[in-house]
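Take a look at the structure set out below.
Every number in this text was worked out from the coordinates using simple rules, so none of it is lab data. Bear in mind the structure is a predicted one, so any value in this text is a computation, not a measurement. Cβ coordinates were reconstructed from backbone atoms using ideal geometry, including for glycine residues, and neighbour counts include every protein chain displayed.
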Amino acid sequence: MEDKSEKIIGTAQQLFGLYGVEKTTMQEIADDLQISKASLYYYFPDKESLYTAVIRKEQMEFLKILENDLKFIKDPADCLRKYTLARLTYFRKLMNLSRIRLESYSVLRPKLAGSMVDFREEEKKLIIKILEQGKETGRFNIADTEKTSALFLDLLRGLRSAFITDKELLVIDNSEYKILSEKVIGITEIFIKGLMYK
């Protein structure tokens, strides 16, 4: 049963990436898998729950790849930079995976809430680990790594949220991505300088 649901999630992930959530129907996903729509609904009662499962898969894949990449970076400041850039790329990928109107996302948001809370906690643990490494190596001067981690995540989330507030369709093109990247890199550098021992 788990293999079947994983296969469904993988297929939905591909189709959502190609056409967006709104334009992909459950029938198209069932056809691609060569199963009946009833079989698809047995595993996922609606498109929203399937989309939530796809998001959770994307989140877990992102964290696994990032944790693996960070193992090879010795400087904690570079780890924060790597995290920031990887998170930005992931954010763009998720937005483009959805290609969803803001009003439709508002409907999906409650279903995604649990997944987003879990993901934020995992991100926080990752940042705390980097900050602790910075403290241990004498690079960072931090009193409370948990509060500092939460602050860093809030800063980055605030930049991303401000960027999409007035958008009707949640998609980021190349020019928008460049502007957002510059802002995120800028705030990360300011943050890192604030952590350093003077």
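The table below lists the values:
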quantity: Restraint check, Lys57/Lys183; Lys74/Lys193; Lys82/Lys125, Cα-Cα greater than 19 Å; calculated: Lys57/Lys183
quantity: Between 0 and 90°, nearest 10: helix 47-70 axis offset from the chain longest Cα axis; calculated: 30 degrees
quantity: Prolate/oblate/rounded label for the chain (Cα gyration tensor, a/c 1.5); calculated: prolate
quantity: Simple label model, 7 Å out from Cα along Cβ direction - Ser39 to Ser5, nm; calculated: 1.8 nm
quantity: Partners for Lys23 among aspartates and glutamates (Cα-Cα distance below 18 Å; same-chain residues under 8 apart left out); calculated: Asp31, Asp32, Asp46, Glu48, Glu103, Glu168
quantity: Cβ-Cβ FRET estimate between Asp31 and Leu151, R0 fixed at 45 Å, reported to 0.05; calculated: 0.45
quantity: Relative exposure of Ile142, Ile9, Ile185, judged by other C-beta atoms within 10 Å (fewest first); calculated: Ile185, Ile142, Ile9
quantity: Extension reserve of the Leu18-Glu182 stretch, reckoned as 0.36 nm per residue once the Cα distance is removed; calculated: 56.3 nm
quantity: Exposure proxy ranking, count of Cβ atoms within 10 Å, fewest first, for Arg56, Arg157; calculated: Arg157, Arg56
quantity: Neighbour-count ranking [beta-carbon atoms within 10 angstrom, fewest first] of Tyr19, Tyr177; calculated: Tyr19, Tyr177
quantity: Convex hull per residue volume in Å³, alpha carbons only, for segment 23-91; calculated: 101 Å³
quantity: Karplus (6.51, -1.76, 1.60) ³J(HN,Hα), θ = phi - 60°, over segment 77-90, in Hz, Gly and Pro reported as x; calculated: 5, 5, 5, 5, 4, 4, 4, 4, 5, 5, 5, 5, 4, 5
quantity: Computed [θ] at 222 nm, deg cm²/dmol, the chain (DSSP H ≥ 4; -39,500 (n - 2.57); rounded to nearest 500); calculated: -27000 deg cm²/dmol
